[in-house]
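Colleague: To start, I am sharing the structure in question, which I have written as structure tokens.
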Amino acid sequence: MGYPIMLNVANQSVLVVGGGKVAERKIYGLLEAKAKITVVAPTITTGIEQLAADKKLIWRQKTFSPDDMKEAWIVIAATNNRAVNEAVAKAAKPYQLINIVDDPERSNFHVPAVVRRGRLTIAISTGGASPTIARQIRRRLEELYDDDYGRYIDFLYECRQWILRHVRDEQKRKELFKAIADESFCKRGNWEEEFEQLLENAMKEEIRRKEE
């Protein structure tokens, strides 16, 4: 079983070997995470070509060589050529994270199916048993957690920052965190008004306690 983690790859060097549709899908996910991407491939898809033209990644129009991996922290081999993918696996250093898309056993990390809703990220993995099942589960979760839920998570983040800055009482903090995370709070929809009411009630309670 793998050990699930969330990597901060912002401004980290990532090498993608291959320029086909599989590589393109990997690249879009990495761009979302703000990675610094270099693509090594003799040919690339129109989508990757446009990203290179927009300076969102670097394209080295060449076949793979071990020297391409020198600066990379993460390496993804996404070609349809088993020999090239094997060469990438052999060239990897112990400190590098490597994913060989057609050979999970040669990889030290795997990219799960992902649902993103604002700050919410849900990752689904079957440990290589069935990517198809992982995609099916992802589609169900996408229906369950829609864009509104993503906005709710973003709202919770802003509330949490405000509470941490302005509410000194630890117990009151916990009560507020619990209240805004309650399912009924989410479903009511008018989050800003509800939060203001919670704060008003908290202030009244504080005043009452001091008077006693």
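The values are calculated or read from the model by the stated rules, or taken from the named source; none is laboratory data. Not measured: the values here are computed from a predicted model. Because the Cβ atoms are built from the backbone with ideal geometry, glycine has one as well, and the counts that use them run over all protein chains shown. SASA here: full protein model, heavy atoms, side chains in, ligands and nucleic acids out. Shrake-Rupley method; radii C 1.70, N 1.55, O 1.52, S 1.80 Å.
Colleague: Take every Cα pair under 8 Å in segment 1-118 that's 6+ residues apart, average their separations, divide by the length, and report that relative contact order as a whole percent.
Modeller: Numbers: 187 pairs, mean separation 28.3, N = 118.
Relative contact order for segment 1-118 comes out at 24 percent.
Colleague: Oh, and also: Run the helix sum for the chain: -39,500 (n - 2.57) per DSSP H stretch of 4+ residues, divided by residue count, reported at 222 nm to the nearest 500 deg cm²/dmol.
Modeller: Computed mean residue ellipticity for the chain: -15000 deg cm²/dmol.
Colleague: Would you work out the relative contact order for segment 1-55, in percent, from Cα pairs under 8 angstrom that are 6 or more residues apart?
Modeller: About 40 percent, as a whole number.
Colleague: Using +1 at the Cβ of each Lys and Arg and -1 at the Cβ of each Asp and Glu in segment 89-212, identify which of Asn190, Asn201, Ala129 lies farthest towards the dipole's positive end.
Modeller: Ala129
Colleague: Once the Cα atoms of helix 147-166 and of the chain are each reduced to a long axis, what angle between those two axes, in degrees from 0 to 90 to the nearest 10, is obtained?
Modeller: For helix 147-166, the angle is close to 60 degrees.
Colleague: In a GNM of the chain with a 10 Å cut-off on Cα contacts, which of Val115, Val75, Val22 has the highest mean-square fluctuation?
Modeller: Comparing Val115, Val75, Val22 in the GNM, the peak value goes to Val22.
Colleague: Helix 82-91 versus the longest principal axis of the chain: what is the Cα-based angle in degrees, 0 to 90, to the nearest 10?
Modeller: So the inclination is approximately 70 degrees.
Colleague: Might you work out the accessible area of Glu183 for me, using a 1.4 Å probe with all protein chains in place, and round it to the nearest 10 Å²?
Modeller: 120
Colleague: Roughly what angle does helix 21-32 make with the longest principal axis of the chain, taking Cα atoms, 0 to 90 degrees, to the nearest 10?
Modeller: Orientation of helix 21-32: about 40 degrees from the principal axis.
Colleague: How do the peptides 123-136, 87-100 rank, highest first, by the average count of neighbouring beta carbon atoms within 10 Å per residue?
Modeller: 87-100, 123-136
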